[in-house]
1. Just how far, in whole angstrom, is region 140-160 from region 10-69 if you go by their alpha carbon centroids?
2. Under a 1.4 angstrom probe, counting protein chains only, how are Lys132, Lys56 ranked by accessible area, largest first?
3. Working out 0.36 nm times the residue gap between Glu94 and Phe3, then minus their Cα-Cα distance, what length gain in nm do you get to one decimal?
4. Take Glu177 and Ala135, extend 7 Å from each Cα along the Cα→Cβ direction, and tell me the distance between the two endpoints in nm.
5. Accessible surface of Glu94 in the full protein assembly, 1.4 angstrom probe, to the nearest 10 Å²?
6. How much FRET efficiency would the formula 1/(1 + (r/R0)^6) give for Ala18 and His158, where r is the Cβ-Cβ distance and R0 is 25 Å, rounded to 0.05?
7. Given a Förster radius of 25 Å and the C-beta distance between Glu30 and Ala142 as r, what FRET efficiency does 1/(1 + (r/R0)^6) yield to the nearest 0.05?
8. Where a ≥ b ≥ c are the square roots of the eigenvalues of the C-alpha gyration tensor, would you call region 5-63 rounded, which needs a/c under 1.5, or, failing that, prolate if a/b is larger than b/c, or oblate?
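The values are calculated or read from the model by the stated rules, or taken from the named source; none is laboratory data. This structure is a prediction, so every number in the text was calculated from the model and none was measured. Backbone-built Cβ (ideal geometry, glycine too); neighbour counts: all protein chains shown. Ligands, DNA and RNA are stripped out before the accessible areas are found, and what is left, the full protein with its side chains, is counted by its heavy atoms. Shrake-Rupley method; radii C 1.70, N 1.55, O 1.52, S 1.80 Å.
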Amino acid sequence: LLFHMLDAANVAQAIWDATLQLDGREFYSEAMGFGDDLSTARDLVAFWAGLHDIGKAFPQFQEQKKVNRPLGHGQVSAVVLPGILQDEFGYSRELACQLATVLGGHHGVFPRSIGLQGITQCDLGGPPWAAKRSALAERLHALLSEPPAPSIDCLPQHIAMALSGLVSVADWIASNEE
């Protein structure tokens, strides 16, 4: 899982470097509160792209359990990321929740709050699995030069949607075995 997260992060960096024009990179960086520090904005976008599949670190997914109503790993990402981003990396609650929705929707369907209600820590594997998810996020963060948390409270909606598209494409490319 960590290797796929790194693959997605590195693809996001490649998209940033090779596909986004300078004004696109500046657009993201300004909205993220980094002004003309394009390198930090790039590293943070890569970190976010890498986090998209953190929801695969839970028992149903890892054990491929057959259950009547399986939780999707995007749903799990959307449930667990707010806590990880706030507790481990100092993000504001609003930004952490917004990013959880953006990243949880990396397969093209954004998780709805009604679909996330009722998911318990037991469903997610309890404290041992929470610790694994935190460790994965921390390791990814360290391997990506520890980009700082943005000082903003929320991304503008158009930036969040653009980020969603970038993360989805990075995931598709990173998942291609060829």
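1. Using only Cα atoms to place each centre, the spacing works out to 9 Å.
2. Final ranking, largest accessible area leading: Lys132, Lys56.
3. Values: separation 91, 0.36 × 91 = 32.76 nm, distance 2.87 nm.
So the chain would gain 29.9 nm between Glu94 and Phe3.
4. Those two pseudo-labels are separated by 2.8 nm.
5. The accessible area of Glu94 comes to roughly 110 Å².
6. Numbers: r = 22 Å, r/R0 = 0.89.
Step by step, r from the Cβ atoms, then E = 0.65.
7. 0.40
8. Prolate is the answer for region 5-63, as a/c is 1.5 or above and a/b outweighs b/c.
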